[in-house]
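Accompanying notes for the structure given below.
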Amino acid sequence: MLEYQVGPVPAGAMPHPVLLLMHGFMSDEADLLALGQELLPDVAIVSVRAPIAMSPGYSWFEFQNGMQPDPITLDKSLTAVEEIIGQLHTIVPHADPSRLLIGGFSQGGAMTAALACRRRGRGILGAMVLSGYLPDYVCQTETLSGLPLFWGHGRADPVIPVSRAEIGSERFRSAGARVTFRPYPTGHSVTPQEIDDINQWMSPLLGPQG
């Protein structure tokens with residue numbers, strides 16, 4: 001099973017929703033824990049390490065034709081993340097796996113988009129793609145009716161052009177997802193305003209127990 005870190009678990013025995021986070025290229029599971037701690041306190045955070053060593057960190061997949069993920073390594077990583085999801089009830093005390101949110105930054109955002117499509121939104125309370133993209137060959141025919149999706153991206157992103165975010169988010173919208181797209185006047189990063197926007201987007205999804 002993949003390596004992971006668990007952030008502070010909300011107090012009390014009430015079942016908690018879980019946010020599973022996937023880091024960016026050449027980073028690791030510790031990178032997004034700080035971001036997770038700025039989100040709503042009633043959500044348990046599980047940050048997962050990608051399986052491919054890529055100094056100084058790790059990668060979720062190999063590349064082909066520029067930024068396109070290699071289908072074989074992408075599929076292996078998606079399967080490994082789904083194994084983590086299947087064990088959330090043992091990983092997080094008082095976890096409520098039926099209230100699962102997924103999210104990722106950059107390459108982890110591409111993983112988030114691909115995982116949401118692969119599961120066709122089933123078992124996912126919401127998905128967050130942060131400065132990421134949707135691989136060209138993913139999500140061609142899937143129906144994602146009603147899936148809440150937050151997509152944030154910097155207008156001046158030099159790594160992943162905002163045009164790719166616009167294309168990916170529109171494909172989700174066309175598949176029936178409820179897309180909240182937020183561009184920011186920044187580069188390849190997550191801004192304080194974006195964190196505020198994520199919390200506002202997430203809050204109604206958690207319901208009265210969140």
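The values are calculated or read from the model by the stated rules, or taken from the named source; none is laboratory data. What you see is a predicted model, and the numbers here were worked out from it, not measured in a lab. Here Cβ is always computed from backbone atoms with ideal geometry, including for glycine, and neighbour counts include all displayed protein chains.
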(request) Give me a count of the residues in segment 187-202 that are surrounded by 13 or more Cβ atoms within 10 Å (Cβ to Cβ) and either without any contact (Cβ under 8 Å) to a residue 24 or more places away in the chain or closer than 16 Å to E38 by Cβ (or both). (result) 11
(message) As an exercise: evaluate L19 against (1) buried (at least 21 other Cβ atoms within 10 Å of the Cβ); (2) hydrophobic (A, V, I, L, M, F, W, C); (3) modelled with pLDDT under 95 and give the number of the one condition it does not meet.
(response) (3)
(request) Consider only pairs whose beta carbons are under 9 Å apart and that are at least six residues apart or on different chains; among these, list those whose first residue lies in segment 59-70 and is within 17 Å of V48 (Cα to Cα) and without any contact (Cβ under 8 Å) to a residue 60 or more places away in the chain and whose second residue is of a type in the set (D, E) and in a loop (DSSP other than H, G, I, E, B). (result) F61/D70
(message) So, restricting to helices (runs of 4 or more DSSP H) that lie completely within segment 1-98, which ones have at least 3 residues that are among the hydroxyl-bearing types (S, T, Y) and under 24 Å from R120 (Cβ atoms)?
(response) 71-86
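Quick grid of which residues meet (1) surrounded by fewer than 21 Cβ atoms within 10 Å (Cβ to Cβ); (2) of a type in the set (K, R); (3) out of contact with any helix residue (DSSP H, G or I) (no Cβ under 6 Å at 6 or more places or on another chain); (4) modelled with pLDDT of 95 or more:
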{"site": "G7", "(1), (2), (3), (4)": "yes, no, no, no"}
{"site": "G24", "(1), (2), (3), (4)": "no, no, no, yes"}
{"site": "L33", "(1), (2), (3), (4)": "yes, no, yes, no"}
{"site": "G66", "(1), (2), (3), (4)": "yes, no, yes, no"}
{"site": "D75", "(1), (2), (3), (4)": "yes, no, yes, yes"}
{"site": "A80", "(1), (2), (3), (4)": "yes, no, yes, yes"}
(request) Kindly list the number of the only condition in (1) in contact with a Lys or Arg (Cβ under 7 Å, 6 or more places away or on another chain); (2) of a type in the set (F, W, Y); (3) surrounded by fewer than 15 Cβ atoms within 10 Å (Cβ to Cβ) that fails for Y133. (result) (3)
(request) Looking only at segment 153-186, count how many residues are free of Cβ contacts under 8 Å to residues at least 24 places away in the same chain and of a type outside the set (S, T, N, Q). (result) 5
